[in-house]
Amino acid sequence: MTEEEFDAFYAAAFPRLTGQLFAFTGDHGEAQDVVQEAFVRAWDRRREFLADGAPEAWIRTVAMRLAVSRWRRARRWLELMRRDPPPEHAPGPEPERAVLVDALRRLPEAQRMAVVLHHLCDLSVEQVASETGAPVGTVKARLSRGRAALARELAPGEGEKEHGRVR
Amino acid sequence: MSDELTRRLRELAEGAEAPPRLPGAVVRAAAGRRRHRRRTAAFLAGGCAAATLAAVLTAHVTGEGAGHGTEQRSSPLASPGPGRSADPSPGRSPGRDVPYVTVDLSRRVLTAEGRELPLSAGTTRLPPSAGLMTVTGKESVRLLSSRTAAPESVSAVRLRWVLELAPLDRTGSSPGEETGTRAYIASALTDEEPTPGDRGTTVDWISLRPTDAAWLYQELPEGAVVEIVAPTEPATARVTPTTAP
């Protein structure tokens with residue numbers, strides 16, 4: 001990959017990945033930081049990055065791992081963040097969007113990652129299992145529990161109907 | 001719920017999409033700096049091991065050869081200086097890496113490859129250009145004209161180790177908001193500016209000590225990224241350097 005190709009890929013994929021990481025982290029700044037860092041690592045390890053065959057997925061995986069690692073390093077700080085999330089800079093939060101972000105934040109990290117990868121990034125259950133290193137059955141359970149929890153938060157009364165079913 | 005969830009997640013993600021905060025060149029430069037640091041650390045670790053081995057072997061050999069008139073030679077690895085020489089003989093970072101240099105006009109310090117070089121850069125009233133720049137030209141000797149406080153008085157000065165900088169992003173979307181304005185890094189005029197860093201006396205170029213300027217000139221290829229951080233004091237006027245005929 002030449003410098004020009006990398007720059008073009010960076011300019012095209014950065015916004016999309018930032019959106020996906022926002023769904024995972026619930027924080028604009030955090031999403032931009034980890035995606036930026038993932039691109040730095042991508043250029044630094046471009047042989048490995050290109051050998052993977054799916055550069056955008058590689059970046060997303062690295063960015064998600066970075067986000068998880070940041071959370072684990074600053075768990076206490078995160079607890080504060082969850083109770084008192086930072087103000088959003090842009091765009092302004094709409095009520096529906098704010099509810100979804102809040103509901104996602106309440107999900108356990110593994111469930112949130114499974115939900116985002118499966119429902120937002122269009123990965124199959126097997127691909128999610130491969131990316132997260134969890135067995136397929138575990139991923140199905142995480143998806144099921146995550147969806148049920150989100151359903152309870154987003155549309156009270158529908159959670160029980162969905163519980164146990166995996167698309 | 002699954003389809004509805006997918007729809008809402010996509011809306012959320014699309015609404016949160018944001019353009020890159022930094023240009024790709026800066027991302028590549030950051031990766032290059034990191035690799036360079038890693039290699040330097042590995043080199044130093046290897047150097048320490050080699051130095052230890054050399055010291056042991058030297059002690060062993062000189063111990064055996066004592067009294068036989070053995071000439072002792074110092075190993076270059078065994079006796080590295082604590083810092084890099086200021087002479088223009090630096091090790092170059094890997095060819096495809098984009099070197100990255102920061103010029104902090106508030107602190108009057110230029111940071112390159114872990115070295116902090118004192119500088120002079122204009123006065124508060126006449127600061128040099130700021131923002132993300134890239135090295136677009138190098139000349140070991142160059143005549144620059146420098147407009148001073150009075151616009152009609154133009155004095156030409158002969159500078160050494162001149163690096164010409166241009167804004168990285170000419171569209172103005174990057175932090176280099178001074179679109180189209182060039183900046184220069186060059187050697188100080190030794191007699192006029194013996195101690196760069198103490199005060200800003202040059203008018204419209206960033207000047208370094210001659211040895212530092214020579215080192216930087218050797219170190220920075222064209223295309224290197226230079227981030228000039230403007231001083232915090234508000235500037236009331238700027239002067240653009242122009243090349244003298």
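The values are calculated or read from the model by the stated rules, or taken from the named source; none is laboratory data. Nothing here was measured: the structure is a model prediction, and the numbers come from that model. When we count neighbours, we look across all protein chains shown, and the Cβ atoms used for this are built from the backbone with ideal geometry, even at glycine. Ligands, DNA and RNA are excluded from the accessible area calculation, which covers all protein heavy atoms including side chains. Shrake-Rupley method; radii C 1.70, N 1.55, O 1.52, S 1.80 Å.
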Distance in nm between A:Ala98 and B:Thr136 label points, each 7 Å along Cα→Cβ, equals 4.7 nm
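Keeping every protein chain in place, order A:Cys121, B:Cys48 by accessible area at 1.4 Å, biggest value first, i.e. largest first.
Working: A:Cys121 20, B:Cys48 85 Å².
Largest to smallest exposure gives the sequence B:Cys48, A:Cys121.
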How much FRET efficiency would the formula 1/(1 + (r/R0)^6) give for A:Glu5 and A:Ser130, where r is the Cβ-Cβ distance and R0 is 35 Å, rounded to 0.05?
0.85
If the chain between B:Arg35 and B:Glu11 were fully stretched, how many nm would it gain, using 0.36 nm times the residue separation less the Cα-Cα distance?
4.9 nm
Might you work out the accessible area of A:Trp71 for me, using a 1.4 Å probe with all protein chains in place, and round it to the nearest 10 Å²?
20 Å²
For B:Tyr100, the accessible surface traced by a 1.4 Å probe with all protein chains present amounts, in square angstrom to the nearest 10, to 30 Å²
List the residues of the stretch A:1-42 whose accessible area drops by at least 30 Å² when all protein chains are present, compared with their chain alone, using a 1.4 Å probe and counting only protein heavy atoms.
A:Glu3, A:Asp7, A:Tyr10, A:Phe14, A:Pro15, A:Gly19, A:Gln32, A:Gln36, A:Val40
Output wanted: per-residue J couplings in Hz (rounded whole) for the stretch A:28-39, from phi through Karplus 6.51 cos²θ - 1.76 cosθ + 1.60, θ = phi - 60°, x for Gly and Pro.
4, x, 4, 4, 5, 4, 6, 5, 4, 5, 5, 5
Accessible area, 1.4 Å probe, largest first: how do A:Met113, B:Met133 sort?
A:Met113, B:Met133
